[in-house]
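The values are calculated or read from the model by the stated rules, or taken from the named source; none is laboratory data. Treat the numbers as computed from the prediction; the structure is a model and nothing was measured. Neighbour counts are summed over all protein chains in view; Cβ atoms, including those assigned to glycine, are modelled from backbone coordinates with ideal geometry.
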Amino acid sequence: MNSNPITKAVACNLCTGCGACAGAFPDFIKMVDDPVNGRRPVVAANTDGRKAAEAAATLCAGIAVDYTTLPRKDAIDAIWGPVLATWEGYASDDEVRHRGSSGGAVTALALFALQSGVAGGVAHVRSRQDDPRFNEAVISRTREGLMPGAGARYAQASAAEAIGAIAASDHPVLFVGKPCDVASVRKAGIGDKLAVTIGIFCAGAPNLVATDRLLSRLGVPAKAKLTDLRYRGAGWPGLMQAKYIGDAGEVTSEGIPYAEGWGRILQSERRWRCRICTDHTGAFADISVGDPWHNPPAGNVDAGRSLIIARTATGLRLIEAALAAGVLVAVRGDRNVIAKAQPNLLASQGAVFGRRLVMRAFAMPVPQEKGLSLLPLWLRLPGREKLQSLAGTAKRIIRAKLWRPVVITGHT
Ligand SMILES: Cc1cc2nc3c(=O)[nH]c(=O)nc-3n(C[C@H](O)[C@H](O)[C@H](O)COP(=O)(O)OP(=O)(O)OC[C@H]3O[C@@H](n4cnc5c(N)ncnc54)[C@H](O)[C@@H]3O)c2cc1C
Ligand code: SF4
Ligand code: SF4
């Protein structure tokens with residue numbers, strides 16, 4: 001079963017579900033939505049499939065990444081990847097700000113890149129119309145195409161599945177994805193087709209089981225035809241809410257706060273790969289965007305603000321042009337703001353050293369990551385958290401039998 005490197009990456013919990021392998025070799029590798037294990041690639045069981053998987057493994061950031069390629073100049077960059085400048089702000093377009101997950105900065109920047117000619121298309125994910133529990137990777141060239149993608153989808157999504165379409169595009173494309181999606185796209189050797197890359201901060205992607213649990217909490221009947229499912233947006237952070245077809249037409253479900261939906265329902269179903277992830281903020285992107293949690297929202301549906309990080313000269317240029325054009329309204333901040341805004345991400349980064357140590361003790365493979373020093377962050381953790389990263393991991397490995405190969409079942 002593990003005769004090719006992509007199937008092996010899935011089997012060993014190294015796959016992030018980015019979709020790059022399937023996007024690059026769509027005839028031989030397909031992404032499948034497995035309710036428990038996530039959206040993962042399945043390789044054709046023949047010689048062509050094996051050859052495609054061997055070629056695809058070179059662009060897989062789930063298996064390996066090289067942090068030495070990043071220009072890091074100080075302790076801030078060593079932890080978070082290059083941080084040239086930071087802002088806190090929002091889209092000046094009220095609809096974009098409202099629909100956005102935080103302040104709509106990602107959608108505003110993407111729309112500005114399209115309208116100013118910086119990009120000929122935007123590769124992003126959005127919910128599938130036939131069943132909004134699932135997500136699809138698309139390339140949008142208009143505002144109408146982009147807007148349905150606004151708002152984070154706390155579910156499995158394979159943004160890098162657009163790699164083939166990006167490579168075939170006549171004009172450079174702006175890519176939006178989670179840090180693991182961006183890292184694979186960066187390895188794909190399609191730099192001349194990438195106008196800009198935007199990484200959204202990410203604490204981990206829950207599975208379909210979690211989505212179904214959320215729908216049940218929202219009161220959506222099990223067999224009802226779902227027409228919409230929102231995890232964030234329509235205010236900051238926004239309510240989790242669904243729409244479905246009931247006996248008398250479309251029904252809007254109860255809306256529950258983000259804190260309840262994420263804290264009590266979704267986060268426990270993040271995949272193991274997310275718990276050993278070392279890049280939650282998009283170190284390989286030109287621009288990263290997250291929540292400025294250190295200046296929290298006023299209630300569940302604040303007008304919205306995004307934390308915006310320029311990581312490269314390309315990213316800086318786009319942000320400064322969007323500010324000058326009035327598309328973004330933002331205030332420049334401190335370079336060390338990520339640590340203030342995301343103490344949870346700093347702690348999970350620290351715990352990864354301990355988790356991987358225990359994985360090695362169980363002879364489980366870990367991602368190959370060159371140029372990243374995790375030990376200093378682990379040493380900074382309080383004693384109880386250090387112990388938890390070791391004992392908790394051992395317990396989880398035994399309870400979930402994580403050494404057993406992951407086998408994917410589900411549908412495309
Ligand atoms: C699974 C997950 C975990 C997250 N964890 C954190 C966190 O710990 N801390 C934090 O600050 N922020 C986190 N975020 C990001 C945050 O919710 C916002 O997306 C981010 O702040 C950008 O907001 P915005 O309003 O500027 O973007 P918007 O204008 O709303 O645009 C969001 C963009 O993200 C894309 N997108 C949405 N969902 C996905 C997905 N699942 N995979 C790939 N692309 C997607 C959309 O296509 C859209 O282009 C997470 C997001 C996701 C999806
Ligand atoms: S390229 Fe992405 S989807 Fe394919 S195996 Fe690697 S991490 Fe998984
Ligand atoms: S936590 Fe890391 S591996 Fe998991 S989805 Fe987010 S960026 Fe990808």
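Which pairs turn up if I take residues in region 309-323 that are touching a residue at least 24 places away in the same chain (Cβ under 8 Å) and look for partners that are among the small types (Gly, Ala, Ser) and surrounded by fewer than 18 Cβ atoms within 10 Å (Cβ to Cβ) with beta carbon separation below 6 Å, at least 6 apart in sequence or on another chain? Hits for this filter: 310/85.
Going residue by residue through region 38-57, is there one that turns out to be in a loop (DSSP other than H, G, I, E, B), within 18 Å of residue 177 (Cβ to Cβ) and either of a type outside the set (A, V, I, L, M, F, W, C) or away from ligand 1 (no atom under 16 Å from the Cβ) (or both)? Looking through region 38-57, none of the residues is in a loop (DSSP other than H, G, I, E, B), within 18 Å of residue 177 (Cβ to Cβ) and either of a type outside the set (A, V, I, L, M, F, W, C) or away from ligand 1 (no atom under 16 Å from the Cβ) (or both).
Give the residues of region 336-365 that are more than 16 Å from ligand 1 (Cβ to nearest atom), outside any helix (DSSP H, G or I) and surrounded by fewer than 16 Cβ atoms within 10 Å (Cβ to Cβ), sorted by residue number. Full working, then the answer.
Within region 336-365, the first condition is being more than 16 Å from ligand 1 (Cβ to nearest atom), and the residues that meet it are 353-365.
Adding the requirement that they be outside any helix (DSSP H, G or I) leaves 362-365.
Listed by number, the residues that qualify are 362, 363, 365.
Kindly evaluate residue 177 against the criterion of being in contact with a Ser or Thr (Cβ under 6 Å, 6 or more places away or on another chain) and assigned by TED's automatic domain parsing to the domain that holds residue 119. In short, no.
Entry remark, region 64-86: residues being surrounded by fewer than 24 Cβ atoms within 10 Å (Cβ to Cβ), touching a strand residue (DSSP E or B) at 6+ places or on another chain (Cβ under 7 Å) and of a type in the set (A, V, I, L, M, F, W, C) number 4 in total. With the requirement that a residue be away from ligand 3 (no atom under 16 Å from the Cβ) and out of contact with any Leu (no Cβ under 8 Å at 6 or more places or on another chain), what does region 272-306 give you? Those that are away from ligand 3 (no atom under 16 Å from the Cβ) and out of contact with any Leu (no Cβ under 8 Å at 6 or more places or on another chain): 293, 294, 295, 296, 297, 298, 299, 302, 303, 304, 305, 306.
Restricting attention to region 38-66, and to residues there that are basic (Lys, Arg) and near ligand 2 (Cβ under 10 Å from one of its atoms), which single residue is farthest from residue 213 (Cα to Cα)? Reasoning before the result, please.
Filtering region 38-66 down to residues basic (Lys, Arg) leaves 39-40, 50-51.
Narrowing the set further to residues that are near ligand 2 (Cβ under 10 Å from one of its atoms) leaves 39-40.
Working: 39: 17, 40: 21 Å.
Residue satisfying both the conditions and the ranking: 40.
Kindly evaluate residue 219 against the criterion of being in a loop (DSSP other than H, G, I, E, B) and more than 23 Å from the chain's Cα centre (by Cα). Yes: the conditions hold for residue 219.
Of all residues in region 246-272, which are under 17 Å from residue 152 (Cα atoms), of a type outside the set (A, V, I, L, M, F, W, C) and either in contact (Cβ under 8 Å) with a residue 60 or more places away in the chain or not in a strand (DSSP E or B) (or both)? Steps first, answer last, please.
Taking region 246-272 as the starting set, the residues that turn out to be under 17 Å from residue 152 (Cα atoms) are 255-263, 265-267, 269-270.
When the remaining residues are screened for being of a type outside the set (A, V, I, L, M, F, W, C), the result is 255, 257-258, 260-261, 263, 267, 269-270.
Answer for region 246-272, where residues must be under 17 Å from residue 152 (Cα atoms), of a type outside the set (A, V, I, L, M, F, W, C) and either in contact (Cβ under 8 Å) with a residue 60 or more places away in the chain or not in a strand (DSSP E or B) (or both): 255, 258, 260, 261, 263, 267, 269, 270.
Quick one: how many residues across region 1-37 are in a loop (DSSP other than H, G, I, E, B) and within 8 Å of ligand 2 (Cβ to nearest atom)? Break it down into steps so the answer makes sense when it comes.
Taking region 1-37 and keeping what is in a loop (DSSP other than H, G, I, E, B), we get 1-4, 12-19, 25-28, 35-37.
Retained after the next criterion (residues that are within 8 Å of ligand 2 (Cβ to nearest atom)): 14-19.
Qualifying residue count for the region: 6.
Applying the set (1) more than 18 Å from residue 16 (Cβ to Cβ); (2) in contact (Cβ under 8 Å) with a residue 60 or more places away in the chain to residue 364 leaves exactly one unmet item: (1). In this structure, residue 148 does not qualify as under 20 Å from the mean Cα position of the chain (by Cα), assigned to a loop (DSSP other than H, G, I, E, B), surrounded by fewer than 24 Cβ atoms within 10 Å (Cβ to Cβ) and not acidic (Asp, Glu). From the list 168, 195, 159, the one residue that fits, being within 16 Å of ligand 2 (Cβ to nearest atom), at pLDDT 95 or above and more than 30 Å from residue 298 (Cα to Cα), is 159. When 245, 190 are screened for being crowded, with 16+ Cβ neighbours inside 10 Å and either within 21 Å of the chain's Cα centre (by Cα) or farther than 21 Å from residue 264 by Cα (or both), only 190 passes.
Could you list, in sequence order, all residues of region 193-225 that are basic (Lys, Arg) and either surrounded by fewer than 18 Cβ atoms within 10 Å (Cβ to Cβ) or closer than 24 Å to residue 132 by Cβ (or both)?
Listed by number, the residues that qualify are 213, 217, 223, 225.
Residues checked against (1) of a type in the set (Asp, Glu); (2) buried (at least 21 other Cβ atoms within 10 Å of the Cβ); (3) more than 10 Å from ligand 1 (Cβ to nearest atom); (4) assigned by TED's automatic domain parsing to the domain that holds residue 101:
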position: 259; (1), (2), (3), (4): no, no, yes, no
position: 277; (1), (2), (3), (4): no, yes, yes, yes
position: 283; (1), (2), (3), (4): no, yes, yes, yes
position: 291; (1), (2), (3), (4): yes, yes, no, yes
position: 299; (1), (2), (3), (4): no, no, yes, yes
position: 304; (1), (2), (3), (4): no, yes, no, yes
position: 308; (1), (2), (3), (4): no, yes, no, yes
position: 318; (1), (2), (3), (4): no, yes, yes, yes
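Is it fair to say residue 133 is more than 16 Å from ligand 1 (Cβ to nearest atom), touching a helix residue (DSSP H, G or I) at 6+ places or on another chain (Cβ under 6 Å) and assigned to a loop (DSSP other than H, G, I, E, B)? Break it down stepwise before answering.
Details: more than 16 Å from ligand 1 (Cβ to nearest atom): no; touching a helix residue (DSSP H, G or I) at 6+ places or on another chain (Cβ under 6 Å): yes; assigned to a loop (DSSP other than H, G, I, E, B): yes.
The answer is no for residue 133.
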